[in-house]
Amino acid sequence: MTSARKLAANRANASRSTGPRSAAGKARSAGNARRHGVFAREALAARKAVIIRTALEPEHAGPLMAIDPALRDELALALARLEIVRAAEARAEHALDAGIASAVHEDKDEEEDALGAALEETRRLSRYRAEASSSLHRALRRLVSMREDS
């Protein structure tokens, strides 16, 4: 059991640890997931370049995809993000399945911890999937709108 003194100290520390307060600090921390997480810049840039080269360039996709380069980049980025999330989800589901099998057969605390971590990862990835899907849908709506206007 935690002592009253330690509990008071923990609460005092927590009240000072509220995250960034300035607009610049908030903007800086808002990009953490893209720097360190599933959507790390390097992975996205590499995947986006492959998508543009293989699917969205007019010489590969034909005249139907002769679109504004900014929209092409937006579509490629959205597709890259969705592909990266799908791959991460597959890894997390595999870890979750392995954790369930271990917990059922061996019933150890360590396996339960791994199972909890895998489950939390799948929850986190579902948020990333929703964000990536929304980005793709926005880009596709822009593409349809541009096609209708021309």
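The values are calculated or read from the model by the stated rules, or taken from the named source; none is laboratory data. What you see is a predicted model, and the numbers here were worked out from it, not measured in a lab. Backbone-built Cβ (ideal geometry, glycine too); neighbour counts: all protein chains shown.
Quickly run through the stretch 60-74 and pick out the residues that are at pLDDT 65 or above and in a helix (DSSP H, G or I).
Applying the first criterion (at pLDDT 65 or above) to the stretch 60-74 yields 66-74.
Selection gives 69, 70, 71, 72, 73, 74.
The residues in the stretch 125-134 that are under 8 Å from the mean Cα position of the chain (by Cα) and in contact (Cβ under 8 Å) with a residue 12 or more places away in the chain can be counted, and the count is 5.
Scan 86, 11, 35 and give me the residue that is loosely packed, with under 14 Cβ neighbours inside 10 Å, assigned to a helix (DSSP H, G or I) and at pLDDT below 65. Matching residue, one of 86, 11, 35: 35.
Checking each residue in the stretch 119-150 for being over 16 Å from residue 79 (Cα atoms), of a type in the set (A, V, I, L, M) and surrounded by 11 or more Cβ atoms within 10 Å (Cβ to Cβ) picks out 119, 146. Residues in the stretch 66-83 that are free of Cβ contacts under 8 Å to residues at least 24 places away in the same chain and crowded, with 17+ Cβ neighbours inside 10 Å: 72 only.
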